[in-house]
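For reference, the structure discussed in these notes is given below.
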Amino acid sequence: MNTRGLRSQLKDSVPVTGLAPQAGAYGVQDTMRRGFSSVKNELLPSHQLELSEKNFQLNQDKMNFSTLRNIQGLHAPLKLQMEYRAARQIQRLPFLQSSNLALDTLRGSDDSIGFEDILNDPATSEVMGEPHMMVEYKLGLL
Amino acid sequence: MCAKIHYIAPNIYCCGAGTAADTEKTTEILSSNLTIFSMNSGRNPRLIMAANILQDMLFRYKGQIGAHLILGGVDCTGSHLYTVGPYGSMDKKPYLAMGSGDLAALGILEDRFKPNMEMEDAKTLVRDAIHAGIMSDLCSGNNIDICVITREGVDYIRPYQESEYKDKRQRKYKYKPGTTPVLKENVVPLEIQLVEETVQRMDTA
């Protein structure tokens with residue numbers, strides 16, 4: 001594998017939350033929450049499509065917004081991003097599954113079915129987070 | 001027997017080669033999306049839409065979804081035949097073959113295809129092409145299904161022809177006593193000695 005391409009394959013080359021190195025409090029691996037760490041797992045993805053799928057929505061949005069900016073000027077993507085930000089805040093309590101209906105309608109994905117609707121549907125998950133701990137974590141009390 | 005011709009829309013059917021699970025799920029998702037579209041817009045979907053949706057989806061997954069698909073149907077612009085490969089490539093031809101038996105089938109198609117054939121000649125040609133695939137390729141199954149789509153409707157002929165090689169296995173392989181000759185017989189009686197006897201009463205009331 002050529003070394004120039006290797007840099008772009010590292011997990012931390014992409015600024016997406018969830019892919020950052022697994023440091024908890026005090027800058028050390030948070031074994032309780034994230035499990036055992038290994039240097040290889042933190043640096044390289046474990047599947048060819050892991051990076052591209054994790055960032056798929058992000059990349060689509062970036063592409064669409066930059067096209068929109070080039071065609072219609074700065075205000076159009078700015079206004080749309082403001083609406084996305086507002087719609088993203090409409091959520092239920094942290095341990096409950098939100099429908100994200102407003103966000104879906106804005107994105108236009110409310111009339112299409114993809115793998116994310118069929119596989120690993122959070123509504124059919126067998127485990128649920130501990131409600132008290134999740135709310136405390138969200139409020140920053142934990 | 002597995003069904004390799006999948007329903008997409010009333011006027012569109014899709015033949016799937018490659019990984020069976022991938023073709024099943026991909027064609028189901030495509031069919032759902034096109035149904036939502038036709039409910040939204042009140043129109044029958046067009047083949048080029050189905051081909052585009054498949055292309056986008058398969059290219060996104062960079063060939064990890066092993067679906068080699070042939071889409072065929074009749075829409076308001078006429079009748080079309082498209083093929084979509086697993087990496088997202090698309091082609092539009094008058095005749096196509098995909099899968100492990102595609103070279104064998106293409107041999108027959110290249111030889112005898114003519115534009116504007118009669119219906120029965122076309123069915124015979126397709127049957128011969130698939131037969132070549134069945135005979136020359138191990139992974140190509142046994143039976144032949146044909147799906148004829150016209151402006152008037154769909155004729156899904158399943159099976160068009162079943163395999164002539166039926167299963168002739170016996171399934172029971174018992175032999176008569178005396179089939180194997182006995183050369184020598186040696187009887188050793190075991191002497192059983194009674195060592196201990198305990199009697200436990202049961203209440204049988």
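The values are calculated or read from the model by the stated rules, or taken from the named source; none is laboratory data. Please read all numbers here as calculations on a predicted model, not as lab measurements. Ideal geometry is used to build each Cβ from the backbone, glycine not excepted, and the neighbour counts take in all protein chains shown.
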Run A:MET133 past the list (1) part of a loop (DSSP other than H, G, I, E, B); (2) more than 14 Å from chain B (Cβ to nearest Cβ) and report the number of the one that doesn't hold. (1)
Within segment A:106-120, of all residues that are of a type outside the set (A, V, I, L, M), assigned to a helix (DSSP H, G or I) and closer than 18 Å to A:PHE56 by Cα, the one nearest to the other protein chains (Cβ to nearest Cβ) is A:PHE115
Number of the exception - B:ASP22 against (1) in a helix (DSSP H, G or I); (2) touching a residue at least 12 places away in the same chain (Cβ under 8 Å); (3) within 13 Å of another protein chain (Cβ to nearest Cβ); (4) surrounded by fewer than 17 Cβ atoms within 10 Å (Cβ to Cβ): (4)
When restricted to A:ALA86, A:ALA123, A:ALA102, the only residue closer than 30 Å to B:ILE65 by Cβ, away from chain B (no Cβ under 14 Å) and part of a helix (DSSP H, G or I) is A:ALA123
May I ask you to list the residues in segment A:40-55 that are part of a helix (DSSP H, G or I) and at pLDDT 85 or above? A:GLU50, A:LEU51, A:SER52, A:GLU53, A:LYS54
